[in-house]
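**Student:** Pasting a structure here, questions to come.
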Amino acid sequence: MRGFLIGPYIPIYGTSALVMLLFLKDQTEPVTIFVMSSFIATTIEYITSYIMEIEFKVRWWDYSHKSFHINGRVSLDNSILFGILGLALIYFVHPFISDAIDVRQTFFTIFSILAAIMIIFDAVASFNIISNLKINIDNATKDYTEMIDKKVWETIRKKSALQLRLLEAFPKLKKFPIKNRLK
């Protein structure tokens, strides 16, 4: 399971879906929905990658191995997939959920509040863990050689179950000096 948070959800996708609904829920033209969904999700993915890289000095994903990528942060094939998922969201998922909400408004409201509280607590805990990992990496040295990398990960593996969850989520996590990647 990928994602910054400890739980099994990925806020970048949920945020993209909410922004798509905000701007596209009344749109009826499939080409417009596809293009705008691709643009919205790709933009959010790029900005999120950039901010997380600056904050934690770690690249969380890298699409450099794919054709048609932008700085390894986003790729054309993912953008196309986001467009297809945007069409599914606007034409199928949102209408289905909207009908369900009309029937069970109280349940949905309670569920939404509890889910929001859970995600906020998860975000705080995840941020604290990642910040501590960043401190461990930054304190090691600015060299980031393979030997230091190995030592840092050995130290992390001795930590809590929450930190181990993050290691499982990002087995190929790439660490590098931020100044070399953000030019």
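**Student:** Go through Tyr91, Tyr63 for me and flag whichever is of a type in the set (Phe, Trp, Tyr) and under 17 Å from the mean Cα position of the chain (by Cα).
**Tutor:** Values: Tyr91 fails: under 17 Å from the mean Cα position of the chain (by Cα).
After applying the criteria, what remains is Tyr63.
**Student:** Could you go through the stretch 24-38 and let me know if any residue there is over 17 Å from the mean Cα position of the chain (by Cα) and among the acidic types (Asp, Glu). Show your work before the answer.
**Tutor:** In the first step, residues of the stretch 24-38 are kept if they are over 17 Å from the mean Cα position of the chain (by Cα); the result is 24-36.
If we keep only those that are among the acidic types (Asp, Glu) as well, we get 26, 29.
Taking every residue of the stretch 24-38 in turn, at least one turns out to be over 17 Å from the mean Cα position of the chain (by Cα) and among the acidic types (Asp, Glu).
**Student:** Right, something else. Of all helices (runs of 4 or more DSSP H) completely enclosed by the stretch 1-116, which ones contain at least 1 residues that are closer than 30 Å to Asn128 by Cα, without any contact (Cβ under 8 Å) to a residue 24 or more places away in the chain and aliphatic (A, V, I, L, M)? It would help to see each step written out before you state the result.
**Tutor:** Details: elements: 11-24, 30-56, 76-88, 94-103.
Because the criterion is at least 1 residues that are closer than 30 Å to Asn128 by Cα, without any contact (Cβ under 8 Å) to a residue 24 or more places away in the chain and aliphatic (A, V, I, L, M), the helices (runs of 4 or more DSSP H) in the stretch 1-116 that meet it are 11-24, 30-56.
**Student:** While we're looking at this one, here's another question. Taking the stretch 1-60, which residues are among the charged types (D, E, K, R), modelled with pLDDT under 90, surrounded by 15 or more Cβ atoms within 10 Å (Cβ to Cβ) and closer than 22 Å to Ile80 by Cβ?
**Tutor:** Listed by number, the list is empty, since nothing qualifies.
**Student:** Here's another thing I want to ask about it. Can we say Tyr63 is modelled with pLDDT of 95 or more and either crowded, with 16+ Cβ neighbours inside 10 Å or of a type in the set (Ser, Thr, Tyr) (or both)?
**Tutor:** On the way: modelled with pLDDT of 95 or more: no; either crowded, with 16+ Cβ neighbours inside 10 Å or of a type in the set (Ser, Thr, Tyr) (or both): yes.
For Tyr63, the condition - modelled with pLDDT of 95 or more and either crowded, with 16+ Cβ neighbours inside 10 Å or of a type in the set (Ser, Thr, Tyr) (or both) - is not met.
The values are calculated or read from the model by the stated rules, or taken from the named source; none is laboratory data. As the structure is a prediction and not an experimental result, all values here were calculated from the model. Using ideal geometry, Cβ is built from the backbone for each residue, glycine included, and neighbour counts are taken over all protein chains shown.
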